[in-house]
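Working notes, beginning with the structure itself.
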Amino acid sequence: VVNAYGLDISEAGRISDIAFKTVEKGKTTFPQLASSVGRVAPIAAQMNVSIEELFASLATLTKTGLSTDEAVTRVSGTLNAFMKPTEEAKKKAKEMGFEMSAAAFKSKGFTGALKEIETLVGDDTDALGELIPNVRGLGAVMALTGKNADDYRENLDAVTNSVGAMDTAHKKIANGISDRYDQSVNKIS
């Protein structure tokens, strides 16, 4: 993530906090994130998807029951639908007053594009399917809007405000180990 987003290594702590919050809010683990996120991070960085938006989407998608690997594949599918929209998708978007392009997506941001699609399409899954014909990308959009939109926004807020999350968790683990050690010593005594 640091390399894909062109960040300084000093940002690694912030990325760790965001990853920890993603594990906490979603249904994933650090090893699962580590082995998968590298496949989507370069694309996300190119499309101006913030690190927080990326990880919030992964937390939300894994919470709906997808594996981390499949969540990454679906986010990639969504981004690819905007990077290389089909002619049919461009036409449908234009009819709806929406621009289906990488430039439009970058200007709105990931969350903004999702919100606009949700507003324009509503419950019309056929129209949504015409905008996002990639089945995996469509699945991500459907899972991040509608009834799950609030969950995505809550996860986005959580990862955005995750400063110190890793330290807090580390202290809880250390205190837990220390408490168990003290209990063991007392039992032995």
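Just so it is clear, none of the values below were taken in a lab; they were calculated from the coordinates. Since the structure is predicted, the reported quantities are computational estimates derived from the model, not experimental observations. Because the Cβ atoms are built from the backbone with ideal geometry, glycine has one as well, and the counts that use them run over all protein chains shown.
Projected label points at THR64 and LYS91, each 7 Å from Cα along the beta carbon direction, are separated by 2.8 nanometres. Less than 5 angstrom separates the built amide H of GLU99 from none of the residues sequence-distant by 5 or more or on a different chain. The separation of the range 1-36 from the range 134-148, counted between C-alpha centres, amounts to 22 Å. Taking label points 7 Å from Cα along the Cα-to-Cβ direction, GLU154 and ALA103 give a separation of 3.9 nm. Protection proxy ranking, highest mean first, for peptides 19-30, 104-115: 19-30, 104-115, where packing is the per-residue count of other beta-carbon atoms within 10 Å, averaged. Ranking THR111, GLN46, ALA93 by Cα position along the charge dipole of the range 1-137, where only Lys, Arg, Asp and Glu carry charges on their C-beta atoms, puts GLN46 farthest toward the positive end.
Please state the shape class of the range 1-120: rounded when a/c is under 1.5, otherwise prolate if a/b exceeds b/c and oblate if not, all from the C-alpha gyration tensor. Prolate, since a/c reaches 1.5 and a/b exceeds b/c. Highest mean packing first, where packing is the average number of other Cβ atoms within 10 Å per residue, the peptides 121-131, 3-13 line up as 121-131, 3-13. The stretch between SER10 and GLU24 holds 2.7 nm of extra length on full extension. This uses 0.36 nm per residue minus the Cα-Cα distance.
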